[in-house]
Every structure is written in C-alpha cells, then in structure tokens.
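What follows is a short report on a single structure.
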2 protein chains.
Amino acid sequence: MMTRDDCLARDKADKLSSLRDQFDLPDGVIYLDGNSLGARPKAALSRVQQVVNDEWGKDLIRSWNKAGWFDLPSRLGDKLATLIGANPNEVVVTDSTSVNLFKALAAALHKQSREGRSQRHVIVTERANFPTDVYIAQGLASWLDRGYEIRMIDSPEQLNTAIDEETAVVMLTHVNYRAGHMHDMREVSTLAHARGALMLWDLAHSAGAVPVNLNADGADYAVGCTYKYLNGGPGSPAFIWVAAQHQEDFRQPLSGWWSHASPFAMQPQFEATGGIRRALCGTQPIASLAMVECGLDIFAQTSMAALREKSLALTDLFIDLVESRCSVHPLKLVTPREHAHRGSQVSFAHPHGYPVMQALIARGVIGDYREPHIMRFGFTPLYTRFIDVWDAVDVLVDILDNKRYDPAALRDAVT
Amino acid sequence: MMTRDDCLARDKADKLSSLRDQFDLPDGVIYLDGNSLGARPKAALSRVQQVVNDEWGKDLIRSWNKAGWFDLPSRLGDKLATLIGANPNEVVVTDSTSVNLFKALAAALHKQSREGRSQRHVIVTERANFPTDVYIAQGLASWLDRGYEIRMIDSPEQLNTAIDEETAVVMLTHVNYRAGHMHDMREVSTLAHARGALMLWDLAHSAGAVPVNLNADGADYAVGCTYKYLNGGPGSPAFIWVAAQHQEDFRQPLSGWWSHASPFAMQPQFEATGGIRRALCGTQPIASLAMVECGLDIFAQTSMAALREKSLALTDLFIDLVESRCSVHPLKLVTPREHAHRGSQVSFAHPHGYPVMQALIARGVIGDYREPHIMRFGFTPLYTRFIDVWDAVDVLVDILDNKRYDPAALRDAVT
C-alpha cells in the first residue's frame, strides 16, 4: 500500500521535477486543470513585459520587422512541430482552434471534391467530440451547397462501419476532452485512407500531453490548442498543421492578406503564398502569441517520451488511490484503464460530481466539471508532483467520507 | 506665416493636450504612424501584468468567471460602441478584421439569398480597398456555389452606376488606408438601400479617428480594427457590429462554441445564441484582448467631436506647411483637401517616396510607405502635438532640400 512518504520519494527520484520551478504556481493550490488552462511559465511575465513595454512601447511599428512579429506564427509553429511529429514549415500558430478547424475541414472537403470524388459527401465524427468541432462542421456544411452530411458515431468501435465510400473526411479529437479516451492515430488514419477518406485530427488535448506522430501515423490535417498542456496563456492562438503532400493544393476560404504571396504589394487579386502560411488569414494578437514561446521553451528541455512516462505514472497513481481509498463511494472511472487509450487526464463520474468538484476547488484542489456528472483531473508532468496526487486524493476522501459538499450547489455560468 | 512658436502656443491652448501624458511615447520620436499601430497607453503595461501575473498566474482557470474573461468581447464592445454611433449589445471585440469581415459578408449574402433575392449576385467594392477585404470577398465568393461576382470600382463616383438591381452587398472601407479618402457614410448607405443592397463598412481607419454614426447613417454591418487609432496593442482583436434589426437573422459560417446559446451544456447540435454574441466563434486571446480596454478608457475622457476638431487642425497644418515649405519638390497631395472627405491621415506621393520615408524614420519621424510612391502620415489627436507637425515638416524639408535620402534604398519585407 502506497503512502505519502512513497510519493515524496517518487518526487525526489523524478528527473523532471526541476521543471516545476519554471512555473508560477500559487501557494495552497493543487492545480489539476492544466487540460483546460495550463499554468503560467514564469518567463511569460517578462516576455509579455518585453512585448508591451519595449517592442510595442519603444519600437512601435518597427517591431513588425525588428522584433519578428510577422514571422511569429511560423517561428512558433516550427518549435511546436517537434512535439507533434511534424517537420518545420508544416505548422503555424494562429487564430483559434475553431477557426483553424474551419480552414482544415474546408480544405479537405475541397480536395476531395476537386479530385472528382463528389459522391463523398459525409464528414464522420463523434457525438462526444468537443462541441465546437461539431458546430464548425455543421456551420461549414450548411454553407456549402453540395449537401454535406455530418455522421456522428457513438463509440470508437463504430468507426469501422461509419467510414465508407461516401466519407470525405474523418474528423476526430485525438484525446477526448471529457472521458480522456485516446484514439490510435495510426490505426484510424490507416482505416480512413483505406476507405478513401482524408484524416483530420484535433490535438487540443494531445499536444504537449501525449506523444503525437502526425507524419509517421499518416494524418492529413491537424489543429490544436496552445493554452492547455502547452501553457501558452489564456486563449493563446491555436495551431494548424498540413501534411507536406497537401500543402501545394491547400485551399481555405479565409484568404486574408497574411496568406497572400506578397502581402505588402497590396494587389487587388488574391494569390496564395506557398507552404503552411497559406493557413494564415489576418493580423495576429502579438502579446498573446509571443507568450506561447515560453511554454514551448520548457518542452525543449525534455522529451515527450519522458513526459508520457511520468504522465502515466501520475494518472495510474491517481486511479489507484481514488479506487482504493474511495471504494465505498459511487465513483466510476470514465477514462480508459489501458495506457494505449488514455490521455493525460482522469475523469470520474459521481452523482454529485458538480458539488463535489466545487468543494474540492474551495479546498484548493482545482479540477473541473463537465456534464453529466463528470469530474475531470488533468495531470501535467511538467509541474504536477506525486505528492500533489496524494494530497488531492486526501482532500477528496475527506469531502466524500464526511459529505463536505452541498448537493444543491448551483452551476456557475462558466465552469 | 505660421512659426514654431505659433505651434507651441496652439499646444498650450489645446484642451486635449493632457491626454498625451497617458501614452508611452519614446524620446526622440515623432510618431505619425498611429494609423498603422497606435501608441501604447501607459495603463496597458500594468493591465497586461495584472492579466498574466494575477489573473492567469494566481487565479488560473477561475479567471474565466472571476476576472470576466468570457464577457470581455461584449464588455469591450459596449465601450467601443459609443465611439461609432452604436448601442450596447451591438458590438463584440473578437478575432481579426479579416475573419470578422468574412462573417459579416457571409451573413449579408445569406440574408439577401434567404429573402428570395437570389438574382443579387454582385458584391460591390473598390479596387483601392484594403487588399485583405477584397481577398476575403474573393475567398468567400469562390466557396459559395451561387456564383457571386466581385465588382470593383475605380473611384467613388462610380458607386452610383455600380450599385444596381444585381447588387447584394456594398462593401467599402469608410476611410481609405492609402489615400485617406473618407466616404459619406449616410449618402452611400442610402444609395445602397435605395437599390436594395445591404451596406457593410470596414472602419479600420475610422474607429477612433473620425466621428462615426453607424445607426444614424443607416449602416447594416461593420467591422474594424482596434490596434490603429484605438491603441489596443499589436494585432489586438478586431470588432464586428451588426445593426439591431439584422441580429435576429444574423447567420455566419464560423459557428464555434462561443456563439452557442449554451456553450457549457456541451450539446452536439449548434444552436445560436441571441444578440451580437452570434458573431463570436472560438476562445479569444485574453492578454491581447484585455489591453484594448486601456485605449478605450482614454477615449472615454473626451469626445469624438473634440478629437475630430483637433485632427482636422493637425492635418490642415501639416498640408499647409508641407505645401508651403516643400513647394519646389515633386510632392503631390493624395488625401482630399475637403474636410468632409478626409480621415485622420495625410498622404503625399513623391517619386522617391520609399527612400524619403526611410530617411524620415532614421531621423525619428515615423510615418510609413504604401505602394506606389505614397508616404503616409497619421495624426492621432490623443497624443500628436502641433509642435510635432512643425518639427516633422522641418525634418522633411531638410531631407528633400539637401537630398538626404538614398534613391536606391531597398524595401523591407514588411513596411
């Protein structure tokens, strides 16, 4: 039976433990919500001060060149590429995940249609996908006159029958935001290709959380988020990746001037630039964008393999401790037990999931809640310690054993 | 004949002069490029430190509620509304101008089509419009199967013949980015309506620069930029306005979760929220967004009427001084002389416009250059003084009289 001292010993032996010093983590808080908003790299404060005080305040307009603002989407994209099995010139950091998904999905549908596969009118996705992905697909489909259909599956097992000769694109989130289930990227991509479909992955809960090998696993397009496991800051710009073989004919509807071959020639006819900058649209929010680099620079000090090993150790420990110490309570593990299908979060359902989570937060154990009844706990090996896992479970045990929660607690507007 | 002392006296008598103290302006610089990137409000530094250090660093995920991050697009939109003749709940600050233009143009085309006016297949705009506006229209049109045509006029006088019974939308930038020409918003909107078209305005060079009365002047949709005259910071999120009478049937393709009626219910079917938040899409870059408020708070201390009066005095003075003191040089005023058609910038063409501007910048007089041959000088009455106008012209006179520029200077990648 594991003890608190065992956890302390594991932290002491942890080769990644010093990375935690590079984050600002408030006292009295065990932060298990890095899957929603990553913690702040200490360097982000000085970086944003530099952008605002010096680059904006002192150099003003000259910073577009001098401070490299115009190149930031590409420069950060190249740094991010190494975390998701991509090459330089395949990723840009820009816009929001929703906007990028719109571009990638449109490009994929266009490619199928232009290559004469207009009978492929189906977009396969999951009903349990993060809602904005489904909304974006619904929005795009309803604007295209070709009559695209969104086919929503209810479990991963249905992919095999759902993907057929009518399928244009398979659009999945690699790690599910609620359950924490992870798809086998290679297996699903291979299936999609075997049926003639293109494969679009949303890496919102994967980038920086689990090893991703977009090129090796045969993905076609991907988008993702930088403000969760990548610690880019609240609402920091998202990313979009396009496989090299699709870049030449990559075409997306948001053809703003940043994707023009000569943006400052000010020509009245759109002409797409080459490469991944085709996925850009308009001017980017530089202060928020620049801070993304601070998170990426911490990842550069370790490897996704080392992070994955610790992530699984943390989530294994959490599952073990909750199941052993809370066994009399109606908690149900929602996240897959098999490592191959687990992201870097653990979700437990409880009939009073919302008030229990509110009680945890009030005690400084910050996870979050997702309908229905699901308490989510994110584990970010860059800064989460084994002792945090122990102490979080300790608080949970006390709350459940002594009913220290209000079953009638009302939901916040935003949780 | 005006003297330098006269300019000093005008600054002394200027009731707006104290507002300059609220900006960080580097020593040795006369900044006449606020029409490209506004100067930094001093408050922006402490505001972004608060967002990054406290709201992100200390309160973490709780700041979505506690610090009001989720409401920022609406709260800032309400503040901005007063500057453009709009009401609360008509504006949100979000995404980029290009992305917002895509939404507004799509919504306008959809409205015409849904109301049975499918013969209206023309988007009227100007060849001299800011290129991204035209690119976005081209991009959107090429994705819709209805076969929309972009009709580009070459001068404002052609509007009367270009807008006809085939016109779905008239899409114009109110103040031209290059020439500084301002359309008569009421006259053009009235013409568009008389011919059955909808009127979409881009206020990138108008918001905070000239009085705008969207509702009184009969506009239907508008977008604009916060990083120019509104001083929101580099690439700060843009805005979108939808007239109250168009909000109920406002429909745009980028239907992300922030425009859902219940974003946190996580339902798999998109259902649009009411009001202007229908124009939202995904998660916003909070650090960049929050700083927009610092610029708006300075505008709240004065009025657009007072700012316009000083703006015209500054641009009149600049035109007078350049024309009287540089009369032997081949400078040609590109900006309209009539106040009714002048924004808050002055553009002069010169055969060596690019190297002359580089020489000005090297001497600390920062304007910018736009093809072909055009030197742009932006005047922002919040912080530009009459003495700045005098001193800038003094430097220009010296550069031209003594040929202190390199006619072979090469253009930067970004200017």
- request: Go over the candidates A:173, A:167, A:273 one by one and state the one that is more than 14 Å from every other protein chain (Cβ to nearest Cβ) and touching a strand residue (DSSP E or B) at 6+ places or on another chain (Cβ under 9 Å).
  value: A:167
- request: Check whether at least one residue in segment A:291-308 is within 8 Å of chain B (Cβ to nearest Cβ), crowded, with 17+ Cβ neighbours inside 10 Å and either polar (S, T, N, Q) or touching a Gly at 6+ places or on another chain (Cβ under 9 Å) (or both), and report yes or no.
  value: yes
field: Qualifying positions in segment B:33-59 - farther than 30 Å from residue B:178 by Cβ, facing chain A (nearest Cβ under 7 Å) and buried (at least 24 other Cβ atoms within 10 Å of the Cβ)
entry: B:48, B:52, B:56
statement: Taking segment A:124-138 and keeping residues in contact with a Leu (Cβ under 9 Å, 6 or more places away or on another chain), closer than 20 Å to residue A:164 by Cα and among the charged types (D, E, K, R) leaves A:126
statement: Selection from segment A:402-414 of residues touching a residue at least 40 places away in the same chain (Cβ under 8 Å) and surrounded by fewer than 18 Cβ atoms within 10 Å (Cβ to Cβ) yields A:404, A:406, A:407, A:408, A:409, A:411
message: If I go through segment B:236-257 residue by residue, how many of them are open to solvent by 10 Å² or more (accessible area, probe 1.4 Å) and among the hydrophobic types (A, V, I, L, M, F, W, C)?
response: 3
- request: Could you check how many residues of segment A:74-121 are in a loop (DSSP other than H, G, I, E, B) and over 20 Å from residue A:163 (Cα atoms)?
  value: 12
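Test residue A:146 against the stated conditions and say whether it is away from chain B (no Cβ under 14 Å) and either open to solvent by 60 Å² or more (accessible area, probe 1.4 Å) or of a type in the set (Val, Ile, Thr) (or both).
On the way: away from chain B (no Cβ under 14 Å): no; either open to solvent by 60 Å² or more (accessible area, probe 1.4 Å) or of a type in the set (Val, Ile, Thr) (or both): yes.
It is false that residue A:146 is away from chain B (no Cβ under 14 Å) and either open to solvent by 60 Å² or more (accessible area, probe 1.4 Å) or of a type in the set (Val, Ile, Thr) (or both).
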Test: residue A:47 is farther than 17 Å from residue B:233 by Cα and either of a type in the set (D, E, K, R) or assigned to a strand (DSSP E or B) (or both): no
- request: Test residue A:11 against the criterion of being farther than 30 Å from residue B:288 by Cβ and either of a type in the set (Asp, Glu) or surrounded by 20 or more Cβ atoms within 10 Å (Cβ to Cβ) (or both), and give yes or no.
  value: yes
task: Those residues that are surrounded by fewer than 19 Cβ atoms within 10 Å (Cβ to Cβ) and either touching a strand residue (DSSP E or B) at 6+ places or on another chain (Cβ under 7 Å) or more than 7 Å from every other protein chain (Cβ to nearest Cβ) (or both), I need them from segment B:63-77; list them, please.
output: B:66, B:68, B:71, B:75
message: Can you pull out every residue in segment B:386-395 that is crowded, with 21+ Cβ neighbours inside 10 Å and among the charged types (D, E, K, R)?
response: B:388
message: Among (1) open to solvent by 10 Å² or more (accessible area, probe 1.4 Å); (2) within 13 Å of another protein chain (Cβ to nearest Cβ), there is one condition residue B:211 misses while meeting the rest; what is its number?
response: (2)
message: Can you tell me which condition residue B:81 does not meet? The list is (1) open to solvent by 10 Å² or more (accessible area, probe 1.4 Å); (2) in contact with an Asp or Glu (Cβ under 9 Å, 6 or more places away or on another chain); (3) in contact (Cβ under 8 Å) with a residue 60 or more places away in the chain; (4) more than 14 Å from chain A (Cβ to nearest Cβ), and all the others hold.
response: (1)
- prompt: Residues that are within 25 Å of residue B:205 (Cα to Cα) and among the polar types (S, T, N, Q): which strands (runs of 3 or more DSSP E) entirely in segment B:344-415 hold 2 or more of them?
  reply: B:345-349
Within segment A:370-379, considering residues that are within 12 Å of chain B (Cβ to nearest Cβ) and modelled with pLDDT under 95, the one surrounded by the fewest Cβ atoms within 10 Å (Cβ to Cβ): A:372
- prompt: Got a sec? Which of A:191, A:172, A:159 is more than 30 Å from residue A:367 (Cβ to Cβ) and touching a residue at least 24 places away in the same chain (Cβ under 8 Å)?
  reply: A:191
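One line per residue, one yes/no per condition, for (1) touching a Lys or Arg at 6+ places or on another chain (Cβ under 8 Å); (2) under 30 Å from residue B:71 (Cα atoms):
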site	(1), (2)
B:298	no, yes
B:313	yes, no
B:350	yes, no
B:365	no, no
B:386	yes, no
task: Of all residues in segment A:311-359, count the ones that are touching a residue at least 60 places away in the same chain (Cβ under 8 Å), small (Gly, Ala, Ser), open to solvent by 10 Å² or more (accessible area, probe 1.4 Å) and more than 16 Å from residue A:392 (Cα to Cα).
output: 1
- request: List the number of the failed condition for residue A:137; all other conditions in (1) away from chain B (no Cβ under 12 Å); (2) in a helix (DSSP H, G or I) hold.
  value: (1)
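On the basis of being over 25 Å from residue A:91 (Cα atoms), in a helix (DSSP H, G or I) and under 24 Å from the mean Cα position of the chain (by Cα), does residue A:8 make the cut?
Numbers: over 25 Å from residue A:91 (Cα atoms): yes; in a helix (DSSP H, G or I): yes; under 24 Å from the mean Cα position of the chain (by Cα): no.
No; evaluated as a whole, the condition is false for this residue.
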- prompt: Got at least one residue in segment B:45-61 being under 28 Å from the mean Cα position of the chain (by Cα) and of a type in the set (Ser, Thr, Tyr)?
  reply: yes
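The values are calculated or read from the model by the stated rules, or taken from the named source; none is laboratory data. Values in this document were obtained by computation on a predicted structure and should not be read as measured data. Cβ: placed from backbone, ideal geometry, glycine included. Neighbour counts: every protein chain shown. The area values use the complete protein model at the heavy-atom level, side chains included, leaving out ligands, DNA and RNA. Shrake-Rupley method; radii C 1.70, N 1.55, O 1.52, S 1.80 Å.
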